[in-house]
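Here the structure comes first, spelled out in structure tokens, and everything after it is commentary.
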Amino acid sequence: MSDLDTFTLLPLQIDPQTKAVSTSSPSRTLQTELTHLNALHRALLTLETPNQVPPPPIPVNPKRSANIGKLRDSGNAEHRKGRYADAVKFYGLGLQMALTRAPWEPQQLVREESAALYANRAQAHMALGSWAEGAVDAEASVEAKRVGNPKAWWRRGKCLVEMGRLGEAREWVARGLEMEGGDADLLALLRDVDARIEKEKEREESEKKGKSG
Amino acid sequence: MFDIDWMSLALPFAYISVLGGSLFTFSTIYRKRKATQSANLEPWFPPHLQRNIYLSLLHLEPEAGQEKAPKVPDSVIRAALLRRAVEDIRRIIQIRTSKAALNTLLQRGSVGDDLNQRFLRAEKEIEEELRDVVSEANALAPGWGQVIFQSANEIAANTALRSRLEEIEAKTESEKQWWEKRRETIQKDFMKELDEDATKDSTKGASDDDGVLVDATTPASTPGKKKKGGKK
């Protein structure tokens, strides 16, 4: 029973120089928790607020947002010039920046930024013909922002179609349609997938006939 | 005149006292058992590790051979308190989401009263815990109590999002390998079919087959044939 007035004393030590907390206990959960704690401590030390306490989530420090925006713009510029590999690189850098935001900053912002960057990187991957990477990136984009992100839904669907995973593509696009409420591009893609599935079936049947006959 | 015959009344009195005594013992034993049972109910949540770390840091024992306990800097204490708040947020979310479901189950009689007892206790405990964290935060930095849970909420949500994204990104390598293999087999099949067509020199069904296969291999040969415009 966990009582509110008692606690379990854990065998903890603190390094006088680095201020890192460590333990002599072999428990793995305690060890991982302490690494999280030390990481958070280091992050808190970089803060400039009084008392080094994390500020409330809003308002956001605009510096990082501006940097991420810049990286996305240079990625877009490279994409327009047709240098897709460079575009992928820029989007990747932007993503790194968006995902290494301090954890106490608003997650909604992280979601928006990473969704846009993942979707754009998926597009650049598609332009390079690397459908596998494109599919994964588009899925990540959808994970970050489920509603109002029809492009990412469409891109993963398209990648799956290109890899010949028609059943999976159909399921994905149908789910996307549910979320996006009948987006025109998604509907077109769904029709395309259905047509391909139909064709595949016909081909298999004709092959069977050819074998038996 | 009223000469009471105590001797003959001894039996009824003995009967009454035995009855009363046995009822009393039964009720005390029963109540005691029930109390220990509810005290021994399994807690809803596992031990609060972050809380234990925070309190252990406050009560750090001196190391062997030293008299004074090492001084823990305030920044470490603050970090530990923030971790504790994050864990509290996770617990609150769990409590809130399971409350409605538990109530329905309870009304239908699908779960026992024990579970409800455990749940109510966990709810009360988490309320106390929140109050405790707020007062600790205010003691560490004036005014922090008002915002610590906002920060903790974002930290909890951000960690969840990041672990999901990492999970998805981790699939990239295996997906890539799968597609490489798949593409090779498609290409091989295509070449074989071309050879067969050439030897058979037949027209039956060939055009249809080719149509599908060319579609599947075009991505490799013509990158960037289709682009969807408009970037954010």
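Is it the case, given these coordinates, that residue A:29 is facing chain B (nearest Cβ under 9 Å) and exposed (fewer than 12 other Cβ atoms within 10 Å of the Cβ)? Let's see the steps before the verdict.
Numbers: facing chain B (nearest Cβ under 9 Å): yes; exposed (fewer than 12 other Cβ atoms within 10 Å of the Cβ): yes.
So residue A:29 passes the test.
Suppose we filter the stretch B:26-54 for residues that are away from chain A (no Cβ under 14 Å) and either open to solvent by 100 Å² or more (accessible area, probe 1.4 Å) or modelled with pLDDT under 85 (or both); how many remain?
First pass over the stretch B:26-54, keeping only residues away from chain A (no Cβ under 14 Å): B:26-34.
Remaining after also requiring either open to solvent by 100 Å² or more (accessible area, probe 1.4 Å) or modelled with pLDDT under 85 (or both): B:26, B:30-34.
Result for the stretch B:26-54: 6.
Which residue out of B:109, B:21 is more than 10 Å from chain A (Cβ to nearest Cβ), over 24 Å from the mean Cα position of the chain (by Cα) and closer than 30 Å to residue B:128 by Cα? Reasoning before the result, please.
On the way: B:21 fails: closer than 30 Å to residue B:128 by Cα.
On inspection, the qualifying residue turns out to be B:109.
Applying the selection to the stretch A:126-153, what residues are open to solvent by 20 Å² or more (accessible area, probe 1.4 Å) and either touching a residue at least 24 places away in the same chain (Cβ under 8 Å) or in a helix (DSSP H, G or I) (or both)? Spell out the reasoning first.
Going residue by residue through the stretch A:126-153, those that are open to solvent by 20 Å² or more (accessible area, probe 1.4 Å) are A:128, A:130, A:133, A:139, A:143, A:145-148, A:150-151.
Within the stretch A:126-153, A:128, A:133, A:139, A:143, A:145, A:146, A:147, A:148, A:150, A:151 meet the criteria.
Do the conditions hold for residue B:82, that is, is it within 14 Å of chain A (Cβ to nearest Cβ), part of a helix (DSSP H, G or I) and modelled with pLDDT under 85? So that I can check it myself, show each step before the final result.
Numbers: within 14 Å of chain A (Cβ to nearest Cβ): yes; part of a helix (DSSP H, G or I): yes; modelled with pLDDT under 85: no.
No: the conditions fail for residue B:82.
For the stretch B:176-190, what are the residues that are surrounded by 18 or more Cβ atoms within 10 Å (Cβ to Cβ) and either among the aromatic types (Phe, Trp, Tyr) or facing chain A (nearest Cβ under 8 Å) (or both)?
B:179
If I go through the stretch B:118-156 residue by residue, how many of them are at pLDDT below 85, open to solvent by 50 Å² or more (accessible area, probe 1.4 Å) and in a helix (DSSP H, G or I)?
Residues flagged as at pLDDT below 85, open to solvent by 50 Å² or more (accessible area, probe 1.4 Å) and in a helix (DSSP H, G or I) within the stretch B:118-156 amount to 1.
Select from the stretch A:154-182 the residues that are open to solvent by less than 30 Å² (accessible area, probe 1.4 Å) and away from chain B (no Cβ under 12 Å) and write down the one among them that is nearest to residue A:129 (Cα to Cα). Full working, then the answer.
So the first thing to find is which residues in the stretch A:154-182 are open to solvent by less than 30 Å² (accessible area, probe 1.4 Å), and the list is A:154-163, A:166, A:169, A:172-173, A:176-177.
Subset that is away from chain B (no Cβ under 12 Å): A:169, A:172-173, A:176-177.
Working: A:169: 17, A:172: 20, A:173: 20, A:176: 23, A:177: 25 Å.
Step by step, filter the stretch A:154-182, then rank; the result is A:169.
Can you pull out every residue in the stretch A:80-96 that is among the hydrophobic types (A, V, I, L, M, F, W, C) and under 13 Å from the mean Cα position of the chain (by Cα)?
Within the stretch A:80-96, A:95 is the sole residue that qualifies.
Any residue at all in the stretch B:141-163 that's at the interface with another protein chain (Cβ under 9 Å from one of its Cβ atoms), in contact with a Gly (Cβ under 9 Å, 6 or more places away or on another chain) and without any contact (Cβ under 8 Å) to a residue 60 or more places away in the chain?
Looking through the stretch B:141-163, none of the residues is at the interface with another protein chain (Cβ under 9 Å from one of its Cβ atoms), in contact with a Gly (Cβ under 9 Å, 6 or more places away or on another chain) and without any contact (Cβ under 8 Å) to a residue 60 or more places away in the chain.
Mind listing just one residue for me: the one in the stretch B:157-175 that is open to solvent by 30 Å² or more (accessible area, probe 1.4 Å) and in contact with a Pro (Cβ under 9 Å, 6 or more places away or on another chain) and, of those, farthest from residue A:122 (Cα to Cα)?
In this case the residue turns out to be B:159.
Could you grab me the full set of residues in the stretch A:94-112 that are assigned to a loop (DSSP other than H, G, I, E, B), more than 7 Å from chain B (Cβ to nearest Cβ) and closer than 16 Å to residue B:150 by Cβ?
A:101, A:102
Hey, among the residues in the stretch A:185-195 that are open to solvent by 40 Å² or more (accessible area, probe 1.4 Å) and within 12 Å of chain B (Cβ to nearest Cβ), which one's nearest to residue A:122 (Cα to Cα)?
Only one residue tops the list, namely A:185.
Quick one: residue A:100 ticks every box in (1) open to solvent by 40 Å² or more (accessible area, probe 1.4 Å); (2) more than 30 Å from residue A:58 (Cα to Cα); (3) among the polar types (S, T, N, Q) except a single one, so which number is it?
Residue A:100 satisfies every listed condition except (2).
Name the residues in the stretch A:40-54 that are touching a helix residue (DSSP H, G or I) at 6+ places or on another chain (Cβ under 9 Å) and either open to solvent by 50 Å² or more (accessible area, probe 1.4 Å) or not in a loop (DSSP other than H, G, I, E, B) (or both), would you?
Taking the stretch A:40-54 and keeping what is touching a helix residue (DSSP H, G or I) at 6+ places or on another chain (Cβ under 9 Å), we get A:40-46, A:51-54.
Within the stretch A:40-54, A:40, A:41, A:42, A:43, A:44, A:45, A:46, A:51, A:52 qualify.
Residue by residue, here is whether (1) modelled with pLDDT under 80; (2) out of contact with any Cys (no Cβ under 6 Å at 6 or more places or on another chain); (3) open to solvent by 60 Å² or more (accessible area, probe 1.4 Å) holds:
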position	(1), (2), (3)
A:8	yes, yes, yes
A:74	no, yes, no
A:81	no, yes, yes
A:89	no, yes, yes
A:96	no, yes, yes
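Restricting attention to the stretch A:76-93, which residues are part of a helix (DSSP H, G or I) and either charged (D, E, K, R) or in contact with a Leu (Cβ under 8 Å, 6 or more places away or on another chain) (or both)? Can you show your working first?
Filtering the stretch A:76-93 down to residues part of a helix (DSSP H, G or I) leaves A:76-81, A:84-93.
Scanning the stretch A:76-93 gives A:78, A:80, A:81, A:84, A:85, A:86, A:88, A:89, A:90, A:91, A:93.
The values are calculated or read from the model by the stated rules, or taken from the named source; none is laboratory data. Please read all numbers here as calculations on a predicted model, not as lab measurements. Quick reminder, even Gly has a Cβ in these numbers, built from the backbone with ideal geometry, and neighbours come from all protein chains shown. Surface areas here come from the heavy atoms of the whole protein model, side chains and all, with no ligands, DNA or RNA. Shrake-Rupley method; radii C 1.70, N 1.55, O 1.52, S 1.80 Å.
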